[in-house]
Amino acid sequence: MAIQKKLVVIGGGAAGFFCAINAAMLQPDLQVILVEKSNKVLSKVKISGGGRCNVTHHCFEIEALSKHYPRGQHFLKKAFHWFNATDTIQWFEQRGVTLKAEADGRMFPVTDSSQTIIDCLLKEADKYGVRVQLGMDIKRIDRIDNHFVMQDVNGKSLTADYLCIATGGQPKTTQYEWLTSMGHDIELPVPSLFTFNIPNNNITQLMGVSVDRATIKIQSSKLVESGPLLITHWGLSGPAILKLSAWGARYLADCNYHFTALVNWLPDYTENSLRDSWPELRRLNGAQKMYTKNPFGLPNRLWQYLLLQAGIDAEKRWADLPAKQQNTLIQYLTAHSFPVKGKTTFKEEFVTCGGIKLAQVDVNTMQSKIVPHLYFAGEILDIDGVTGGFNFQNAWTTGWIAANAIAAIKEEP
């Protein structure tokens with residue numbers, strides 16, 4: 001009788017659970033143990049999407065889906081052929097969890113509760129006999145006689161035939177040392193998905209004001225994004241800022257988060273095209289006071305703030321606006337300059353740009369090209385997506401591919 005093979009999955013998040021469950025389901029003879037260093041599992045699933053869990057994105061073309069990843073785009077383009085958003089929806093649906101799409105493409109369980117996803121994963125883990133060990137912080141891995149021998153911080157040891165590491169992104173290079181000691185190289189980790197701090201700027205008096213569409217450019221760079229923008233008590237946030245922070249993660253880190261953001265509050269105009277349209281705007285609104293007549297559909301508080309910044313008094317009519325104030329206002333409307341000094345993590349959805357170099361991982365199996373029977377899943381890899389369910393989709397995809405590859409290993413005679 002063959003000795004039962006053992007898979008250990010390190011990391012009790014989305015990728016770790018998905019790997020463990022699917023491996024146990026696909027290969028019933030496999031003993032699967034999932035270890036987590038904290039005392040709770042799936043904590044990021046719990047808080048994601050304001051407690052609703054943004055499971056994936058309503059995007060079913062592989063090419064289009066892969067374009068939402070600043071890092072890992074080409075790698076995932078291949079990986080999504082194995083498991084993508086369509087497969088995620090079906091996987092959960094087969095287990096009684098229906099997902100719904102919102103107008104912006106984000107997909108949530110119809111219950112609007114992340115607990116639905118957590119309960120589903122825990123139930124499946126239990127169903128297929130996945131053993132979960134909490135409070136086990138692995139700090140050393142050795143490869144001895146075709147086995148992995150792991151030790152945690154308390155000296156407790158664990159062995160495995162196959163090992164999948166799904167510990168998520170780590171903010172410091174030193175936190176990867178237990179992996180680099182096995183021969184893997186790390187892309188330097190830096191934060192992604194953060195908001196911009198603008199200290200001592202009176203725009204923060206408008207906290208809570210948002211626009212449906214603005215264009216934000218990082219001065220002296222090619223970085224530019226459009227989308228909803230939110231003013232907060234510390235600076236600028238909203239989907240456009242988060243996307244910009246993801247695409248510019250390395251550049252903005254190199255700037256030490258000190259840079260200038262240029263906001264075009266009217267993305268249908270450039271500075272020149274707005275100047276060309278101004279005579280007609282003046283003709284149409286001439287007799288009306290500028291503070292009460294806002295022809296651009298901007299929130300009134302923002303419009304009046306911009307007029308004040310341009311030095312325009314409350315009684316000024318459109319027809320009486322001097323050329324100098326007109327030019328100043330046009331600049332504020334289309335290229336409002338904000339000196340950014342620092343960042344704030346967006347809610348609790350910390351995402352790291354960086355991780356295990358993708359060149360050292362086989363995209364079709366998630367197996368290390370350096371260490372046999374060592375696999376990776378999720379954000380431990382140098383993959384990160386913009387906000388909108390893309391980071392979870394990476395977790396499901398890489399977790400499933402690793403599980404499928406491990407379950408398919410034929411016993412050596």
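The values are calculated or read from the model by the stated rules, or taken from the named source; none is laboratory data. Just so it is clear, the structure is predicted and the values come from calculations on it, not from any experiment. Cβ atoms come from the backbone with ideal geometry, glycine included; neighbour counts cover every protein chain shown.
Regarding region 360-380, can at least one residue be identified that is more than 30 Å from L26 (Cα to Cα) and either touching a residue at least 40 places away in the same chain (Cβ under 8 Å) or among the polar types (S, T, N, Q) (or both)?
No; the residues of region 360-380 include none that is more than 30 Å from L26 (Cα to Cα) and either touching a residue at least 40 places away in the same chain (Cβ under 8 Å) or among the polar types (S, T, N, Q) (or both).
What about E187, is it touching a helix residue (DSSP H, G or I) at 6+ places or on another chain (Cβ under 9 Å) and within 30 Å of I10 (Cβ to Cβ)?
Yes, satisfied.
Having 1 or more residues that are at pLDDT below 95 and among the hydrophobic types (A, V, I, L, M, F, W, C) is the bar; report the strands (runs of 3 or more DSSP E) wholly within region 138-197 that clear it.
138-144, 186-192, 194-197
Go through region 203-234 and count every residue that is surrounded by 15 or more Cβ atoms within 10 Å (Cβ to Cβ) and assigned to a loop (DSSP other than H, G, I, E, B).
Summing the residues that are surrounded by 15 or more Cβ atoms within 10 Å (Cβ to Cβ) and assigned to a loop (DSSP other than H, G, I, E, B) in region 203-234 gives 4.
Here are K78, K67: which of them is over 25 Å from L122 (Cβ atoms), basic (K, R), out of contact with any Leu (no Cβ under 8 Å at 6 or more places or on another chain) and touching a residue at least 24 places away in the same chain (Cβ under 8 Å)?
Every option except K78 fails the conditions.
Provide a single number: the residues in region 177-200 that are in contact (Cβ under 8 Å) with a residue 24 or more places away in the chain and under 28 Å from T344 (Cβ atoms).
Residues meeting the conditions: 14.
Go through region 259-284 and give me each residue that's outside any helix (DSSP H, G or I) and closer than 14 Å to L333 by Cα.
A261, L262, V263, N264, W265, L266, P267, D268, Y269, T270 - these are the residues of region 259-284 that are outside any helix (DSSP H, G or I) and closer than 14 Å to L333 by Cα.
Restricted to region 324-352, and to residues that are in contact with a Gly (Cβ under 8 Å, 6 or more places away or on another chain) and modelled with pLDDT of 95 or more, which residue is nearest to M290 (Cα to Cα)?
Per the criteria, the residue is Q325.
Let me confirm something: among R283, R275, R250, R301, which residue is touching a strand residue (DSSP E or B) at 6+ places or on another chain (Cβ under 8 Å) and charged (D, E, K, R)?
R250
Might you let me know whether region 82-105 holds any residue that is among the β-branched types (V, I, T) and surrounded by 23 or more Cβ atoms within 10 Å (Cβ to Cβ)?
yes
Being of a type in the set (S, T, N, Q) and either outside any loop (DSSP other than H, G, I, E, B) or under 28 Å from I383 (Cα atoms) (or both) narrows it down to one residue among N256, N200, N294; which is it?
Matching residue, one of N256, N200, N294: N256.
Are there any pairs, at least 6 apart or on different chains, whose C-beta atoms fall under 7 Å, with the first in region 201-228 and under 19 Å from Q331 (Cβ atoms) and not assigned by TED's automatic domain parsing to the domain that holds L252 and the second of a type in the set (D, E, K, R) and crowded, with 16+ Cβ neighbours inside 10 Å, and if so, which?
From region 201-228, no pairs qualify.
Output the number of the condition that G297 fails; it satisfies all remaining conditions of (1) buried (at least 16 other Cβ atoms within 10 Å of the Cβ); (2) under 32 Å from the mean Cα position of the chain (by Cα).
Single failed check for G297: (1).
Criterion first (within 40 Å of the chain's Cα centre (by Cα), closer than 22 Å to R213 by Cβ and either at pLDDT 95 or above or among the aromatic types (F, W, Y) (or both)) does A261 satisfy it?
For A261, the condition - within 40 Å of the chain's Cα centre (by Cα), closer than 22 Å to R213 by Cβ and either at pLDDT 95 or above or among the aromatic types (F, W, Y) (or both) - is met.
State yes or no: is G72 touching a helix residue (DSSP H, G or I) at 6+ places or on another chain (Cβ under 7 Å), within 30 Å of S245 (Cβ to Cβ) and assigned by TED's automatic domain parsing to the domain that holds T365?
yes
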